[in-house]
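*Asks:* The structure that follows is given in the form of structure tokens.
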Amino acid sequence: MSVAGNASPTRDPRLGFATRIGFVLAAVGSAVGLGNVWRFPYVAGENGGAAFIFIYLLCVAFVALPVLIGEFAIGRRGQRSAVGSFRVISPGTPWWLTGLLGVATAFVILSFYSAVAGWVLHYAMVGAFSGFGEYTREESGAFFGAFIEGFGQPVFYQLLAVLATVGVIVFGVHGGIERVSKVLMPALFFVMLLLILRSLTLPGAAEGIVWLFRPDFGEIGLGSVFDALGMAFFSLSVGMGAMITYASYVSRESNLVTTGTTVAGLDTAVAILAGLMIFPAVFAFGMDPAGGPGLVFVTLPSIFSEMPAGRLVGTAFFAMLFVAALTSMISILEPVVTCLVDEWSVRRGPATTISGLAILVLGIPACLSVSPGAPLGQIMIPFFGGSLGIFDLMDTLSNKLMLPIGGLLMCLFLAFSWKSRGALAEVAGTGGNPDSIWLRGWFWMAVTVAPLGIVIILVTGLLDLVR
Ligand code: PHE
């Protein structure tokens, strides 16, 4: 078992990932989540399918992936929390504030993420205990609306989701996160493949595949590019220090360009596979591919109600989606816990409890403000020329502003504070060649294309909102 990091006599040694594959699976577990299966298909659906996917791929390859590799390097070099790692690399400078912004972002993301994870859990329970028989085309939307606009139920399931997250994190990186990721991630891929087979073999499925892969650039505007950038950051879990934190628990051997590309490749593959799982079924049943956020919670249950073996398929789908959400929630909360442990010497148990409770302060209001009819749905907050409810504000704020700004700061940190020599040596890993063309290519992208891309898309996207 590897013990990574600063073991001091007064503090427990940081018990890190024992195996390389454990780290990779945990990072993939972080990346693959509601972003891939819930958000990606509906955002692609609203933005014309393949054309959006194309822009999304560009954002992943040229912006989010370079930032991901940078985050891995910062964490592995620092061997501390997102806040502490910046301090280790550039002592006496204010760059650690980037890590602090990340901790704040974690609260914002988890507030709405845990609510949606709770919905997933609810639907898994519906599948397991009563089936989707009543979720007909006509009724499915009403069921979903009544559920999310309720009071006790959505909060109850949100609490369960947070409790599950806390229950894993409390056992630490090796005993909790690595162990769970190693079992759940392969299981997730397996269930997903079965579901894709089911979807693709439905009569009329081909139309969905054609729709998914035939680009319609007419639907693409500035807003779509802004959406794609936020989606890329969110889906790869970059911009808030989640990947810094995970990498801080790993030892020096591997080449981070390879690891980063593997994680980004798997994450993107899962997003596209989620499309292949959902759209053939949507078309086979003559539903609307641009169903918005309700695609997974309204459209799919009504498909399950009509499909042969729909109850089994539907229950497996929501159970799988909960697993994906859980491994992501773990990676959102762990940076907060690691920060308390590393920077303030709080023990892991209390640190986990405190941060789990703190998440609810923002999480419960978000959960209760999903739509205008929800208990807190009438509270509207001004945002760039319009106004948003609490749930939508948390979602938009984190995706479109906080993650890209966090990513931008990391690029600037690489360019102006850490500089190429140190960063390249870290990315190469022990025995690797810091002068290789891949590594130089990465650094060049991380300090030019990525930050410029972020600034341009952010500024034009925000101007577009205000106009
Ligand atoms: N990547 C996760 C998903 O797609 C969400 C996430 C965002 C996780 C930011 C960690 C940090 O669902």
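*Asks:* Which residues, counting only those in region 316-352, are of a type in the set (Ser, Thr, Tyr) and over 22 Å from the mean Cα position of the chain (by Cα)?
*Replies:* 345
*Asks:* Would you be able to tell me the number of residues in region 147-161 that are surrounded by fewer than 22 Cβ atoms within 10 Å (Cβ to Cβ) and part of a helix (DSSP H, G or I)?
*Replies:* Matching residues across region 147-161 total 7.
*Asks:* Filter region 413-446 down to the residues that are open to solvent by 20 Å² or more (accessible area, probe 1.4 Å) and touching a residue at least 40 places away in the same chain (Cβ under 8 Å), then identify the one that is nearest to the chain's Cα centre (by Cα).
*Replies:* Checked region 413-446; the qualifying residue nearest to the chain's Cα centre (by Cα) is 445.
*Asks:* Still on this structure, please answer the following. Please state which one of 346, 336, 341 is in a loop (DSSP other than H, G, I, E, B), modelled with pLDDT of 95 or more and either touching a His at 6+ places or on another chain (Cβ under 6 Å) or closer than 29 Å to residue 251 by Cα (or both).
*Replies:* Answer to the selection: 346.
*Asks:* Out of (1) part of a helix (DSSP H, G or I); (2) more than 30 Å from residue 423 (Cα to Cα), the odd one out for residue 65 is which?
*Replies:* (2) is the only condition that residue 65 fails.
*Asks:* While we're on this one: Pairs, please: C-beta under 7 Å, at least 6 apart or cross-chain, first residue basic (Lys, Arg) and in region 366-379, second surrounded by 16 or more Cβ atoms within 10 Å (Cβ to Cβ) and in a loop (DSSP other than H, G, I, E, B)?
*Replies:* Close Cβ pairs satisfying both conditions: none exist.
*Asks:* Please go through region 91-146 and pick out each residue that is within 16 Å of the ligand (Cβ to nearest atom) and either modelled with pLDDT under 95 or open to solvent by 40 Å² or more (accessible area, probe 1.4 Å) (or both).
*Replies:* 100, 101, 104, 107
*Asks:* Could you count how many residues in region 73-82 are part of a helix (DSSP H, G or I), more than 14 Å from the ligand (Cβ to nearest atom) and buried (at least 24 other Cβ atoms within 10 Å of the Cβ)?
*Replies:* 4
*Asks:* List, please: which pairs have Cβ atoms under 6 Å, are six or more places apart or on different chains, and start with a residue in region 316-345 that is within 19 Å of residue 245 (Cβ to Cβ) and within 14 Å of the ligand (Cβ to nearest atom) and end with one that is open to solvent by 10 Å² or more (accessible area, probe 1.4 Å) and of a type in the set (A, V, I, L, M)?
*Replies:* As it stands, the answer is 326/164; 330/168; 336/103, since those pairs meet every condition given.
*Asks:* Are there any pairs with C-beta distances below 7 angstrom linking a residue in region 447-460 that is open to solvent by 30 Å² or more (accessible area, probe 1.4 Å) to a residue that is part of a helix (DSSP H, G or I) and modelled with pLDDT under 95, with the two at least 6 apart or on different chains, and if so which?
*Replies:* From region 447-460, the pairs are 460/222.
*Asks:* Taking the condition of being within 15 Å of the ligand (Cβ to nearest atom), in a helix (DSSP H, G or I), closer than 30 Å to residue 178 by Cα and not small (Gly, Ala, Ser), how many residues in region 27-62 meet it?
*Replies:* 11
*Asks:* Are there any pairs with C-beta distances below 8 angstrom linking a residue in region 18-39 that is over 16 Å from residue 228 (Cα atoms) and open to solvent by 10 Å² or more (accessible area, probe 1.4 Å) to a residue that is among the charged types (D, E, K, R) and in a helix (DSSP H, G or I), with the two at least 6 apart or on different chains, and if so which?
*Replies:* Taking only residues 6 or more apart or on different chains, the pairs are 18/178; 19/178; 21/182; 25/178; 25/182.
The values are calculated or read from the model by the stated rules, or taken from the named source; none is laboratory data. In this text, all values refer to a predicted model and were calculated from it rather than measured experimentally. Because the Cβ atoms are built from the backbone with ideal geometry, glycine has one as well, and the counts that use them run over all protein chains shown. For accessibility, only protein heavy atoms count, side chains too; no ligands or nucleic acids. Shrake-Rupley method; radii C 1.70, N 1.55, O 1.52, S 1.80 Å.
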